[in-house]
1. Can you count the Lys pairs in the chain with C-alpha separation below 25 Å, eight or more apart or on different chains?
2. Of ILE533, ILE195, ILE475, how do they rank once you tally other Cβ atoms within 10 Å and put the fewest first?
3. What share of all Cα pairs of the range 476-536, in percent, falls into each consecutive 10 Å distance bin?
4. Any idea how far the Cα center of the range 412-463 sits from the one of the range 159-228, in Å?
5. Rounded to the nearest 0.05, what FRET efficiency do HIS457 and ARG51 give with R0 = 51 Å and r taken as the Cβ-Cβ distance? Could you check?
6. Compute the relative contact order of the chain as a whole-number percentage, counting only Cα pairs closer than 8 Å that sit 6 or more residues apart in sequence.
7. Using Cβ counts within 10 Å as a stand-in for footprinting exposure, how do ASP319, ASP534 rank, fewest first?
8. Can you give me the Cα centroid spacing of the range 301-360 and the range 1-30 in angstrom?
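Since every read-out is calculated from the coordinates, none of them should be taken as a lab result. No experiment lies behind these values; they were computed from the predicted model shown. Cβ placement follows ideal geometry from the backbone for every residue including glycine, while neighbour counts extend to all protein chains displayed.
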Amino acid sequence: MDPDLTASVPLLEPPGWAIAQRQLFDLLDQVWRQFARDFTGPDGRLNYEGRLTTRDGVDDFYETFFNWPQLYLLGGADDLLAQSERHWEGVTRQLTELGMLKDEYERGYDWFHQGESLLLLYFLCMAAPERWKERALRFAELYVDPAHGNYDPEHRIITRPHNGSDPERTGLSDGEYYPWLPKEAEMYGFPLNWILADGEKPPLDADPRLGEEMRRRMGQGDTAVNLAAAGLVLNALILSGDERYRDWIAEYVGAWRERAEAAGGVLPDNVAPDGTVGGLHEGRPYGGHYGWSWPHGWHSVGHAAAVAALAAAEATGDDSYLDLVRPAMDEMFAHGKVMPFTEADSSLRSKWTAQLRENVHTPTFHVPFRRGDEGWFDYNPMTLPVPVALWHHTADAADRARIEQLREASGIDWRTLVPFRSKEEAHHEEAWFAFLSGDDPDYPERILATAQAQVRHRLRRMERYRGLEVEEADIHLWQLSNPVVTEALVQLTWGGPQVLYGGGLQQARVRYCDADSRRPGLPPSVAALVSSIDPQATVVELVNLHPTEDRTVIVQAGAFAEHDIRSVRHTRSRDDAWIGDLYDYGHTEPVEVTSEAHAVDGPWLRVHLPHSTRIRLTLELALRTRPASYRTPFDAPADAAADGDVR
């Protein structure tokens, strides 16, 4: 960490974003404690006395806390990490007692849900790698080691859609029929409608033929949503440096990339046990479980493919893996239409009604999320997490142009900021992109105010529902009441998008460590704003709001110290003449100048922040010059090398 920089520009009028950011940290510190008191037991488990009667539900328990260790990593309270670990342990015991886990891992379920469950684990590994390494590697071995029955290295497939720690968990359900819910059937329809006679509409919850056909055609072989398992293996690679994990990612994701290329570019969603695409669907490249036809299409396939493509690119250094995703997006764009959402055939109406509000009537660009024998269907406004994640990774002009294309086609001003909170704790990427483009300088204060609104709304929900005896059908209550919000802090302080909810690992241009406390996150009283994520000029402003206490921040390049800071330029004040002499009633404006660039050539930079000072850093970054690592600047190099994290 050479050189050390010292802020010298005095902080006289704290910027509104800095005050709002620290207020949000303070509010979040109160509300997670309240949630723990109201909704969890002494060992960290959720207050739930019921049973779980289907294979569903594991994700809903873990998702409740997914962003708690993320908040710790951003700079949340010192005891939040231990509390997050306690909840993982308590929920794991609880789910084991409910028969849902074996050896602490999901017995067998689809990766749309497993990816959601594992976000909590990934952030715990990021925050305390040594404590979580054993578990993380053991879980990854369920897929890397063929002896566990999940992976067939000959055909390069995960062997079944429901997979995990229990090889006996096969098929899609344990009952005679597929467990249709009336609302689910109404929203998504029957995924194998091509086996039905024209005009035939059998009762979805009672026709044994439909459940049997789903089990036979969709309950075995590989499906595209299994690609999210690459995130679990990447996490093991970061923890261990073991090349077996890198090789598995390259092999498995590479096999799907070959299948996509053979299909003309668009990723197919199913592979039979013998390795043939469409082998269980009479040659159709669509129709797999959680695939293009049912239930969510792009919402599941696209996110899993992006998790895998980014994992493979990170593991191997080969960004061509991202072509696993791009052709599908381009195909969807080519079938796009401008219409009001009220005229779309979307199966996600509740999501978009909350997100668009009055703009449900505004003509805007829609793309099809699903595909079947009838072609592309299920039109929705294009969600941005995947295209933004690709652009953030590559900083490539073509990936940015794809986002610009969507903005140009939109009938809705991207600076519009709607106060809503999805379970992904995301989907404000449009306004963030407008800010990064220089079109909305007030965005930081507005998104922080929006975050405050969501926290306060969740507090009222907590007050209404605490003490409720939760039924199995209502287990989403906890994640819908989780008052921790992190999207705004991730965007503003790390210069990254919220984590891909399908099981991705965090992206960031920069992260921070508190040098005095020797822990990750911003120190108390320090606020940070990333206003540009251009690798040639990543701009970070740091502010120490404390009137009497100094702070020292270590700026890290990348979420996993995978980037290098080539050089840094920073603001400084020429002298303290602005204070005036003994008999001056006021002060003059401090004179700022920008220093010459200092070479850094490493992942870390130490910045001293005397009380009531600020500094703007312009970082020249070289992206992904070193293996991703959970190592911190406080680890001894010898210890890190022994862990295999550093080369």
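1. Numbers: LYS102/LYS133; LYS183/LYS201; LYS183/LYS351; LYS183/LYS423; LYS337/LYS351; LYS351/LYS423.
Close lysine pairs under the 25 Å cut-off: 6.
2. On the way: ILE533 24, ILE195 14, ILE475 19.
By the 10 Å Cβ count, ascending: ILE195, ILE475, ILE533.
3. 19, 42, 31, 8, 0
4. Centre-to-centre distance over Cα atoms comes out at 37 Å.
5. Numbers: r = 31 Å, r/R0 = 0.60.
Step by step, r from the Cβ atoms, then E = 0.95.
6. Details: 1292 pairs, mean separation 113.3, N = 647.
Worked out over the chain, it gives 18 percent.
7. Working: ASP319 19, ASP534 14.
In order of increasing Cβ crowding within 10 Å: ASP534, ASP319.
8. Here the two parts' Cα centres lie 35 Å apart.
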